[in-house]
Amino acid sequence: MRMCSIASGSSGNCIYVGSGNTHLLVDTGISRKRIEEGLRELDIKGEELDGILITHEHSDHIQGLGVFSRKYEIPVYATPGTIEGIRNCSTLGRMPGGLLHPIHTDEPFVLGEMTVKPFAISHDANEPSGYRLECGGKSAAVATDLGKYDEYTVEYLRGLDAVLLEANHDIHMLEVGGYPYYLKQRILGDRGHLSNELSGRLLCDILHDNLKHIILGHLSKENNYARLAYETVKLEVTLADNDYRGEDLDMFVASRDAVSDIITV
């Protein structure tokens, strides 16, 4: 099972998760050209994809979906609310008939060799979801755009081998930055985004000996930077009441512009 961030950040998100014979994307929030370039680095052709999982209908998660799906006719899986949002997004253009497949949170389904487990997330979109993916006894998850998390979230992220976890903003940078008040409140609210500190606390709740690979993603361009996110999450783990230390984690920050290292579990 492999996992790789093709792009992750507030300006665009696209994550690859696959196995020997099954290839999936989680979100297509970058251009078709950038998606193709990222797949090329993984030695995968667009037509070899088995499905696209969409977390929600915001543009940084679906920007390239129309052009990409028209070219390759890859099945798209999303909750009914997200599908409605996709259909109402005028910038995507016409979506090919029959490509949009409704799925439901808490109802696992199978794509090739992969079992996909969608779970509800707290974000200001129609019906957003994260995804846990399992294959051959291994598991990985994509959990971003979380305004808050609770025991339900933690349960879906327990026992993972790899995770891409949101570390969107530094609270102080956001509070003193140039965003208008309403936008600051949205980001800080229960349907906004996880701060670096909350990302670290969530990570503490799901850490176990076999969680070998941690990617921090969906960083804000204006209210965060990679070193700060990394050090803050690491410090939260070190200071928490557990047996782990931040410096012992295999953790890195996904780039908004470059393909990450390939994680193999």
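Summary of computed values
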quantity	calculated
Index of the failed condition, Asp248 passing every other in (1) at pLDDT below 95; (2) closer than 20 Å to Thr144 by Cα	(2)
Residue match in the range 253-265 (condition: open to solvent by 50 Å² or more (accessible area, probe 1.4 Å) and among the hydroxyl-bearing types (Ser, Thr, Tyr))	yes
Some residue of the range 62-75 being within 15 Å of the chain's Cα centre (by Cα) and closer than 24 Å to Ser139 by Cα	no
Near pairs, Cβ below 6 angstrom, 6+ apart or cross-chain, from the range 161-189 (closer than 27 Å to Ile214 by Cα) to any residue that is part of a strand (DSSP E or B) and open to solvent by 20 Å² or more (accessible area, probe 1.4 Å)	Asp161/Lys138; Ala162/His213
Residue selected from the range 188-218 under the condition hydrophobic (A, V, I, L, M, F, W, C) and open to solvent by 10 Å² or more (accessible area, probe 1.4 Å), by the criterion nearest to His123 (Cα to Cα)	Leu188
Hits in the range 99-140 - residues which are open to solvent by 70 Å² or more (accessible area, probe 1.4 Å) and either of a type outside the set (A, V, I, L, M, F, W, C) or at pLDDT below 95 (or both)	Pro102, His104, Asp106, Glu107, Pro108, Glu113, Asn126, Gly136, Gly137, Lys138
Test result for Pro96, farther than 20 Å from Ser129 by Cβ and either of a type in the set (Ser, Thr, Tyr) or open to solvent by less than 60 Å² (accessible area, probe 1.4 Å) (or both)	yes
Yes/no for Ile44 being within 16 Å of Gly64 (Cα to Cα) and among the hydrophobic types (A, V, I, L, M, F, W, C)	no
From the options Tyr225, Tyr230, Tyr181, residue that is open to solvent by less than 80 Å² (accessible area, probe 1.4 Å) and aromatic (Phe, Trp, Tyr)	Tyr230
Pair list, Cβ under 6 Å, 6 or more apart: the range 62-75 residue more than 13 Å from Ile30 (Cα to Cα), other residue at pLDDT 95 or above and surrounded by fewer than 16 Cβ atoms within 10 Å (Cβ to Cβ)	Tyr72/Glu47; Pro75/His101
Strands (runs of 3 or more DSSP E) fully within the range 1-42 counting 3 or more residues that are over 14 Å from Val116 (Cα atoms)	2-7
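The values are calculated or read from the model by the stated rules, or taken from the named source; none is laboratory data. Worth saying up front: this structure is predicted, and the values here are computed from it rather than measured. Cβ coordinates were reconstructed from backbone atoms using ideal geometry, including for glycine residues, and neighbour counts include every protein chain displayed. Just the protein is used for accessible areas: all its heavy atoms, side chains included, with ligands, DNA and RNA removed. Shrake-Rupley method; radii C 1.70, N 1.55, O 1.52, S 1.80 Å.
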